[in-house]
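**Q** I'd like to ask some things about the structure below.
The values are calculated or read from the model by the stated rules, or taken from the named source; none is laboratory data. Everything quoted here is computed from the prediction, not taken from an experiment. Don't worry about glycine lacking a Cβ; one is built from the backbone with ideal geometry, like all the others, and counts go over all protein chains shown.
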Amino acid sequence: MKRFSTYIIEAASIKLMLLGGPGSGKSTYSEAISKHFGIPHIYPGDILRKSDDPEVKALISKGEFAPLDVVVKIIKQEILKSPNGYILDGFPRNMEQLKEMQKASIEVNRVVFLDVSEAEVIRRLTARGRADDKPEIIKNRLKVYEKETGPVVDYYKGRSEFISIKAEGDTAENTSKKIIKELEND
């Protein structure tokens with residue numbers, strides 16, 4: 001049986017930004033949240049890779065990043081298809097992207113930060129066995145994340161829409177349930 005607060009959240013729609021470093025489980029938790037609330041998981045990297053736009057295809061084929069205005073335009077198009085809410089995964093990555101997102105009137109009413117220790121990230125990513133998942137490379141990626149995305153996390157900390165979740169020490173399923181419970185109770 002649904003509680004009254006659940007109906008209020010569904011009526012208000014969840015416009016969620018999911019923040020967390022490499023290996024924090026953003027995509028895993030996005031899928032669970034998406035399924036539970038029936039809202040799309042908007043992952044700009046995936047959208048850009050599937051884009052039919054010739055300019056975007058050319059950039060991606062060379063391993064280059066799409067210009068920020070193109071990324072924001074594509075996100076905005078996806079959001080317009082999602083009147084009941086959405087989950088932004090991997091965007092914004094830095095304050096410049098956050099400012100552009102705000103200029104484009106891309107709304108966010110919930111921010112979930114996945115708090116995972118460096119030791120756990122190294123354990124998770126080295127277990128994948130990919131060539132670029134060596135401890136020294138992972139530590140560098142974490143430094144880049146902290147430098148680039150840390151200010152975005154700090155921007156939202158202390159605000160009413162900010163929720164910090166310890167995303168380690170339990171199963172992904174239990175952590176997903178914890179996130180969903182926080183979103184329903186917020």
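**Q** Among the residues of the stretch 107-124, which ones are among the hydrophobic types (A, V, I, L, M, F, W, C) and more than 18 Å from the chain's Cα centre (by Cα)?
**A** Of everything in the stretch 107-124, those that are among the hydrophobic types (A, V, I, L, M, F, W, C) and more than 18 Å from the chain's Cα centre (by Cα) turn out to be 119, 122.
**Q** Quick check on this structure: which one of 30, 34 is modelled with pLDDT of 95 or more and in contact with an Asp or Glu (Cβ under 7 Å, 6 or more places away or on another chain)? Can you show your working first?
**A** Working: 34 fails: in contact with an Asp or Glu (Cβ under 7 Å, 6 or more places away or on another chain).
Residue meeting the stated conditions: 30.
**Q** Tally up the residues in the stretch 100-121 that are touching a residue at least 40 places away in the same chain (Cβ under 8 Å) and not small (Gly, Ala, Ser), please.
**A** Selection size over the stretch 100-121: 12.
**Q** Those residues that are among the acidic types (Asp, Glu), surrounded by 11 or more Cβ atoms within 10 Å (Cβ to Cβ) and either modelled with pLDDT under 85 or closer than 18 Å to residue 98 by Cα (or both), I need them from the stretch 42-68; list them, please.
**A** 53, 55
**Q** Scanning for something surrounded by 16 or more Cβ atoms within 10 Å (Cβ to Cβ), in contact with a Leu (Cβ under 6 Å, 6 or more places away or on another chain) and not small (Gly, Ala, Ser), does the stretch 127-137 turn up at least one residue?
**A** Scanning the stretch 127-137 turns up at least one residue that is surrounded by 16 or more Cβ atoms within 10 Å (Cβ to Cβ), in contact with a Leu (Cβ under 6 Å, 6 or more places away or on another chain) and not small (Gly, Ala, Ser).
**Q** When residue 21 is evaluated against the numbered criteria (1) at pLDDT 95 or above; (2) under 17 Å from residue 113 (Cβ atoms); (3) touching an Asp or Glu at 6+ places or on another chain (Cβ under 9 Å), which criterion, by number, is the only one it fails?
**A** So residue 21 meets the others, but not (1).
**Q** For the stretch 107-119, name all the residues that are out of contact with any Leu (no Cβ under 8 Å at 6 or more places or on another chain) and crowded, with 17+ Cβ neighbours inside 10 Å.
**A** 116
**Q** Could you give every pair whose Cβ atoms fall below 7 Å, whose first residue belongs to the stretch 73-94 and is closer than 18 Å to residue 152 by Cα and of a type in the set (A, V, I, L, M), and whose second residue is assigned to a helix (DSSP H, G or I) and at pLDDT 95 or above, counting only separations of at least 6 or pairs across chains?
**A** Sorted first by the residue in the stretch 73-94, then by its partner, the pairs are 87/30; 87/33; 87/34.
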